[in-house]
Amino acid sequence: MPFRSLIFLSCLTLVLNTMPFVTTTPVLPMLFDVWHLSETEAGLLGGAFFIGYTAAVPILVSLTDRILPKKIYIVSGAVGVVSCFGFGLLANDLWSGVFFRIMTGVGVAGTNMPALKALADSLEEPERSRASSYYTSVYAIGTAISIFSAGFFANTFGWRSAFIVAGLGFFLGLLLGMVVLPPGKVSKKNKKLIEDFKLVLRNRPVIINISSYFGHIWEVFANRVWIVTFLVFAEASQPGNFIISITLLATLVALIGVPASMLCGEASILVGRERVIRACMVVSVIVGIVVAFTTSAPLWVIGILALLYGTTGYADTGTINTATVSVANQEVRGATMALHSCVGCAGGILASLAIGLTLQNFGGRTSANAWTLAFLVMASGSAFGYLVRWWAGRKSNSSSPN
């Protein structure tokens, strides 16, 4: 298959497979009332997907060094589809919802990175880096569609329909992936799984990149989970409305980072990954602080800043992911990507809970001051990521992933 066709269809597969990614985001304001959730419980429900993802990634993605990635993709996709339908048809309280979202996380964990592994195995540099950057960048398109479709169907047909539609999208992505994805490769060396991770942990550039990725995902996923709840608060606390619906605005917040991520990926080829990543993190921290102190600003200001934060927070996603793929040892690329995803999504779990706890303990989701603190907690992710890379650069200029 021609390179461009392969990348386009692989990216389309990813978009469909990530439709369930943040289905809870536009539904969360409804479930606050339907299931009588506290802010902390809502944070747990919002982060449950990442619990499943984090638990499954080290196993499923590492196995791609031993089992063809496409086989893992197919089985995991089936789990994800069933879990989406399960939430839509059977979930009736916090804990049943958490269970099904955990299983959805397992399903996405076994489709996202294994598909990237299959893609990377079939290409050589520089096509591999370019394909990895584009593939990971369009993750936000799936996120945007997840928010938009969930919001539209939940508002039109009830919240359960949002998860059923997400399941249908996942099913279509599974079918497409079965047809277009290359099978991938397995390692010829018969090592124990623990030995694979030991090799990964000895790769200093990989560990630096993964550590900073934790902070990056902390910020991005916290924004994805809580953005609709914040926009609902902002609109309810002031006269008038946003010029577009909250669902559409949240969709644009998720979507607007895609071209920024792709541009940063191209820029990293010209000026170096490290410069691009550090610059993006600094800018994102600044924008996050501005957002934090404008939670009571006019709606048009909040809308513009929400879009700007969506841009800056996501801009370095493709570049960070590509850095890990590029510096990984070929024999343990699957284990490297597994640790990368696992550590990143651990940031997503903790961030979602941290925002919920912050809101609950400082005034609740109807308090502007509580949201100020919540956004400062959110922006601390990129601050952490930058500090990791700065510290590593001081230790050794040659050790940063470039």
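What follows is calculated from the coordinates using simple rules that are stated; it is not laboratory data. Just so it is clear, the model here is predicted, and its values are computed rather than measured. Quick reminder, even Gly has a Cβ in these numbers, built from the backbone with ideal geometry, and neighbours come from all protein chains shown.
Hydrodynamic estimate: the Kirkwood radius of the chain over Cα pairs, inserted into Stokes-Einstein at 10 °C and 1.306 mPa s, corresponds to D of 77 µm²/s.
Estimated at 0.36 nm per residue, the fully extended path between Trp95 and Ser38 surpasses their Cα-Cα distance by 19.2 nm.
Using Cα centres only, tell me the gap between the range 63-112 and the range 1-54 in whole Å. That distance is 11 Å. Note: relative contact order over the chain, using C-alpha pairs below 8 Å and six or more positions apart, is 27 percent. Computed from label points 7 Å out along Cα-Cβ, the spacing between Ile244 and Thr156 is 1.7 nm. For the chain, a crude dipole built from +1 on the beta carbon of Lys and Arg and -1 on the beta carbon of Asp and Glu, taken about the Cα centre, is about 1220 debye to the nearest 20. Here the simple spin-label model places points 7 Å from the Cα toward Cβ, and for Val82 and Ile286 these points are separated by 5.0 nm. The length gained on full extension between Ile59 and Asn361, counted as 0.36 nm times the residue separation minus their Cα-Cα distance, comes to 105.1 nm. With the convex hull of its Cα atoms as the shape, the range 172-299 has an orientation-averaged projected area of 12.4 nm². Taking the chain as the region of interest, the number of lysine pairs whose Cα atoms are within less than 13 Å, with members eight or more places apart or on different chains, is 5. The range 57-126 gives an Rg/Rh value of 1.12, both radii derived from C-alpha positions and Rh following Kirkwood. Each Cα pair under 8 Å and six or more residues apart adds its sequence gap; the mean of these over the residue count of the range 293-402 is a relative contact order of 26 percent. Among Met30, Met337, the ranking by other beta carbons within 10 Å of each residue's beta carbon, starting with the fewest, stands as Met30, Met337.
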